[in-house]
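Presented below is the structure to which this report refers.
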Amino acid sequence: MHETSDNFTVVIFGANSDLAARKLYPSLYELTQWGHLPVQYRIIGVGRAVLTHEEFRAQVFEKLLTLSTDTIFDEARFKMFCSGLYYVNLDFTESAGYQNLYKEVMNVSSEAGLCDHLLFYLATPPDLAPVIVRNLNQAGLGGKKESCSGWRKIIVEKPYGRNLQTARELNAVIGEVFREDQIFRIDHYLGKEPVQNIMVFRFSNGIVEPLWTRNYIANVEITIAEDFGIRDRGAFYEEAGLLRDILQNHALQLLAAVAMEPPVDLSADSVRDEKAKVLRSIRPFLPDNAEDSIVLGQYEGYRAEKNVASDSTVETYAAVKFYLDNWRWKDVPFFVKAGKNLAETATRIVITFKCPPQNYFGPAASCSYIANQVILCIQPEETIALRFGAKRPGEAVITDPVYMKFDYKTSFTEAGMTPYHRLLLDAIAGEQMNFIRQDSVEHSWAIIDAIRDAVQGKLPEIYPIHSNGPDRAARIYS
């Protein structure tokens, strides 16, 4: 569903958060400079700090200058942007204060002719989402209380709960106040150009799609690695851990994009139907197969981080071998590896193809050295590479791996949008393809809960900083 309007209001809960300062304000400002937003818009920041409208505008100005040095800055245009900024002081847990928000929304809307087009963005800790949504509803700002033909939508940041039970509870609470077509569960990975290109690469290329099956593919490896630790997120990580922080959302969404069947059309529901089917098909994890399928680790020094328990057993690394019990992927292993303080920062997907039935150009064991691969790099590079075998120059017939590579930066002159640019525009337009639907959230949590149950009582293996992770992780690749 695509919705357009000449005007709208964005209401940002957590207006003073790091997310708002680093991602939301720069993205909204640049979208106005590029002409992607209508002239009549308003941004209402909601936070606990006591600020006037002018103080809030000055604070946003300062944060843009100090935190977003790459942002295209024009003082006149920025002043115009600031004129659309408003602020409401609010304790998120106290329902009485939401009447002040209601009055501000309606006053601003009436003044600017904005009617009632409202986009709520919850840039807040996840546990505040239920109370905010309930209070919005009580104040008459819920999605099912529309007026004057306006639309209302809500963007919810991950994690969506802490397990399957809490995810269902959160979905139920939000579902009482907003319809599913009004709910936008954001995962910024789905706004990245290389991730959006996975479906295009697969389904628009006749030389690729027929080979994308168990008949030709030996395995798929998904890596989400970071060469830094948890930084200042100790309290969050003690609650979440890497399985909840990375695997439940980013990693499983990448897996679904690689493994999905062709959708019947490019509507949001058709695409998300196929992704949900992939998640449903993942083979259950049981304690008796966990040893060969799941390895958890913790980097050296994690327990000395700020707000981390001295005896913490929280994982900062996970390597998991998945199988999909469906027709296309039966018995093809999907290796997923993610971790903090590893040797590199990189997100990539490597599809390794089966070897030819007979190897004329070396011993059979050498096939893995030159196996054909498609390598989808998402960050820091944005590339697609094809690895294949070629004869080394000389008299002897020696085969070496060589690469053909496509690079976004050198192949296209126009600059792509950042994930938050793209996803904000999609939400405003009502396009949900790159947001996560309720059923996929619950399927993902069922998978993570099963992993945690399967390794219950086992301590994560300590691994050196800037290494490849725990030594024991190698066993899942066998």
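Observations, loosely collected:
- Relative contact order [Cα under 8 Å, 6+ residues apart], the chain, whole percent: 18
- Spin-label pair Asn163/Val397, simplified geometry with 7 Å Cα→Cβ offset, distance in nm: 5.9
- Of the trypsin sites (Lys or Arg not before Pro) found in region 385-478, those that fall in a DSSP loop while having at most 15 other beta-carbon atoms within 10 Å are Lys458.
- Of the trypsin sites (Lys or Arg not before Pro) found in region 236-308, the ones in coil according to DSSP and having at most 16 other Cβ atoms within 10 Å of their Cβ are Lys306.
- If the chain linking Phe236 and Asp74 were pulled fully straight, counting 0.36 nm for each residue of separation and taking away their Cα-Cα distance, it would gain 54.7 nm.
- Net +/- balance of residues flanking Arg475 in space, Cβ distance below 11 Å, scoring K and R +1, D and E -1: -1
- Residue ranges 250-261, 460-471 sort as 250-261, 460-471 when ordered by packing (mean number of other C-beta atoms within 10 Å per residue, highest first).
- With Cα atoms defining each centre, region 12-31 and region 285-315 are spaced 33 Å apart in the structure.
- Between Glu62 and Val264, residue separation times 0.36 nm minus the direct Cα-Cα distance comes to 67.9 nm.
- Averaging the sequence gap over all C-alpha pairs within less than 8 Å and six or more residues apart, then dividing by the number of residues, gives region 7-157 a relative contact order of 31 percent.
- Long pairs among Lys23/Lys63; Lys23/Lys192; Lys23/Lys144; Lys192/Lys277, criterion Cα-Cα beyond 18 Å: Lys23/Lys144; Lys192/Lys277
- Mean residue ellipticity (222 nm) of the chain, computed from DSSP H runs ≥ 4 via -39,500 (n - 2.57), nearest 500: -9500 deg cm²/dmol
- Dimensionless Rg ratio for region 7-157, taking C-alpha atoms and the 2.2 N^0.38 Å reference: 0.99
- Summed side-chain charge close to Thr32 - residues other than Thr32 whose Cβ falls under 13 Å, Lys, Arg +1, Asp, Glu -1: +1
- Summed residue charge, Cβ within 12 Å of Glu461's Cβ, Lys/Arg positive, Asp/Glu negative: 0
- Loop-located chymotrypsin sites (Phe, Trp or Tyr not before Pro) in region 218-305 (DSSP state not H, G, I, E or B) with no more than 12 neighbouring Cβ atoms inside 10 Å: Phe228.
- Cα principal axis extents for the chain, largest first, Å: 79, 51, 42
- Extreme residue, positive dipole direction of the chain, given options Ser95, Ala427, Leu211 (C-beta unit charges): Leu211
- Candidate lysines for bridging to Lys103, where Cα separation is under 16 Å - those fewer than 8 sequence places away on the same chain excluded: Lys145
- Label zone at Glu344 (point 7 Å along Cα-to-Cβ), backbone N below 15 Å, region 374-413: 374-387, 403
- Considering only Gln379, Ala20, Pro357, the residue lying farthest towards the positive end of the dipole of the chain is Pro357, judged by Cα position with unit charges set on Cβ.
- Point-charge dipole on Cβ atoms (K/R +1, D/E -1) for region 348-442, about Cα centre, debye to 20: 400
Coordinate-derived values only; no laboratory data. None of these values were measured; they are calculated from a predicted model. We place every Cβ from the backbone using ideal geometry, glycine too, and count neighbours over all the protein chains shown.
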